[in-house]
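Notes follow once the structure below has been shown.
The values are calculated or read from the model by the stated rules, or taken from the named source; none is laboratory data. The structure displayed is predicted, hence computed values, not measured ones. Backbone-built Cβ (ideal geometry, glycine too); neighbour counts: all protein chains shown.
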Amino acid sequence: MRRLVQRYLAPALRLWNRRRLQALLSTLGITAGVSGLILVAAIGEGASRELRASLGALGAGTLMVRNNAAQSGDNALTLQRVRAIERLGGPALQQLLPLRKGSWDVVANQTRVSAVRVTGATRGYRDLLQRDLHGGRFLADHDVRWGSRVCVLGWEAGKTLFPRGQVIGQQVRIGRHWFKVVGWLGDSTQRLPQLESLDLEELGQTIFVPYSASLFGDRGQALDELVLRFGDEASMMAGLAMVKRALALAAREPALEYIIPIELLRHKQRVQQLFQYFLLGIAAVLLLVGGVGMMNIMLFNVISRRPEIGLRRAIGATRRDIIAQFVTESMVIALAGGAIGILLGLVGALLLDVYSDWQLAFSGNAALLGFCASLLIGALFGSYPALQAASVSPVQSLRD
């Protein structure tokens with residue numbers, strides 16, 4: 001190993017130290033390609049983690065039924081039908097969460113906020129939210145049973161309404177009704193998936209009240225949404241058919257929308273994969289362009305170093321020695337470009353993660369991928385110049 005370093009690696013490092021401009025030009029394309037690979041890998045890993053987190057939050061067996069006409073008092077989705085669904089669901093139906101939604105002006109002390117999101121929910125809705133409480137408690141069964149005028153504030157809602165920090169036990173007016181604050185959701189960096197047709201509210205800006213509260217009294221028995229949670233995806237698909245049968249006699253059944261979050265997540269994953277393949281193609285093109293650029297500079301070196309090559313051949317260097325020397329020089333350049341590309345890709349991934357809505361994740365596999373790609377480019381595109389150098393005639397090169 002020491003002999004190989006002294007014979008091939010050390011001369012290559014000395015050469016590129018003398019020809020720094022050529023070395024820099026040779027590394028640019030490879031650096032761009034490897035940094036692109038790192039970014040693509042970080043985007044893919046981040047998307048995979050987001051999908052796993054989303055499945056953990058929503059569950060593979062989650063089904064949502066939305067009443068798009070609930071605001072007008074439409075009776076397609078009512079408490080009576082929800083109870084019928086609960087009876088038909090059997091043991092496969094693990095959880096059933098009726099929801100009412102709206103927006104009202106909210107007043108607390110001297111603070112007034114317009115159009116605040118208010119969700120009427122039950123105790124079990126916290127399992128879907130997967131949020132810790134900063135203080136107090138969440139809605140209880142007796143709150144729903146008696147339609148108690150209590151509420152739980154999201155993190156941002158609590159900070160906006162009560163900037164001094166004393167939240168629990170305070171009174172807020174939602175619309176024309178006063179509610180007592182019994183809980184305050186904690187701040188969390190975890191985000192529920194933002195999916196088309198899946199209206200998951202911004203939890204921090206939402207106020208939660210019992211769905212039976214008098215706030216929603218003007219709608220009669222109409223519900224905005226029903227969340228059903230089954231044990232697995234197969235049970236959920238069977239439950240979907242059951243729910244459709246149970247709601248088939250509703251007067252405005254076409255107003256109901258059936259949403260399967262896991263299918264939306266899979267569709268989002270397919271779109272993300274297509275985007276990743278597109279970015280991967282761009283990174284591959286950049287790597288190829290970088291490899292071609294490096295090969296051109298290496299061919300120029302072969303021409304400019306013909307006397308040196310002839311002298312080495314004349315004093316006993318074999319064709320294998322010449323090939324090994326030039327391949328080593330190309331691989332040194334490629335690895336240097338790869339190392340810079342890995343560093344730039346990591347910095348770019350960190351900046352995107354901080355300043356964009358994308359969730360990126362860096363892994364050691366991404367760095368290994370960038371290292372292997374640069375190594376392969378150096379070996380492939382350095383082979384042809386090395387063969388050209390080895391074919392130089394010692395007599396002709398010394399004569400030139």
- Query: In this structure, is residue 82 hydrophobic (A, V, I, L, M, F, W, C) and more than 30 Å from residue 238 (Cα to Cα)?
  - Reply: no
- Item | Filter result (under 21 Å from residue 376 (Cα atoms), in contact with a Ser or Thr (Cβ under 6 Å, 6 or more places away or on another chain) and either among the small types (Gly, Ala, Ser) or not in a helix (DSSP H, G or I) (or both)) within the stretch 298-336 | 334, 336
- Query: Which of the residues belonging to the stretch 299-352 are farther than 21 Å from residue 26 by Cα, loosely packed, with under 14 Cβ neighbours inside 10 Å and small (Gly, Ala, Ser)?
  - Reply: 314, 316
- Checklist (1) crowded, with 21+ Cβ neighbours inside 10 Å; (2) in the same structural domain as residue 210 (by TED's automatic domain parsing); (3) modelled with pLDDT under 80 applied to residue 75, failing item: (1)
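Conditions tested, residue by residue: (1) in a helix (DSSP H, G or I); (2) farther than 20 Å from residue 289 by Cα.
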{"position": "341", "(1), (2)": "yes, no"}
{"position": "357", "(1), (2)": "no, yes"}
{"position": "366", "(1), (2)": "yes, yes"}
{"position": "378", "(1), (2)": "yes, no"}
{"position": "381", "(1), (2)": "yes, no"}
{"position": "384", "(1), (2)": "yes, no"}
{"position": "387", "(1), (2)": "yes, yes"}
- Query: Out of all the residues in the stretch 84-133, which are part of a helix (DSSP H, G or I) and within 32 Å of the chain's Cα centre (by Cα)?
  - Reply: 92, 125, 126, 127, 128, 129
- How about the stretch 95-126: which of its residues are out of contact with any helix residue (DSSP H, G or I) (no Cβ under 9 Å at 6 or more places or on another chain) and crowded, with 16+ Cβ neighbours inside 10 Å? 124, 125, 126
- Which of the residues belonging to the stretch 256-270 are crowded, with 17+ Cβ neighbours inside 10 Å and either farther than 21 Å from residue 234 by Cβ or in contact with a Phe, Trp or Tyr (Cβ under 7 Å, 6 or more places away or on another chain) (or both)? 256, 268
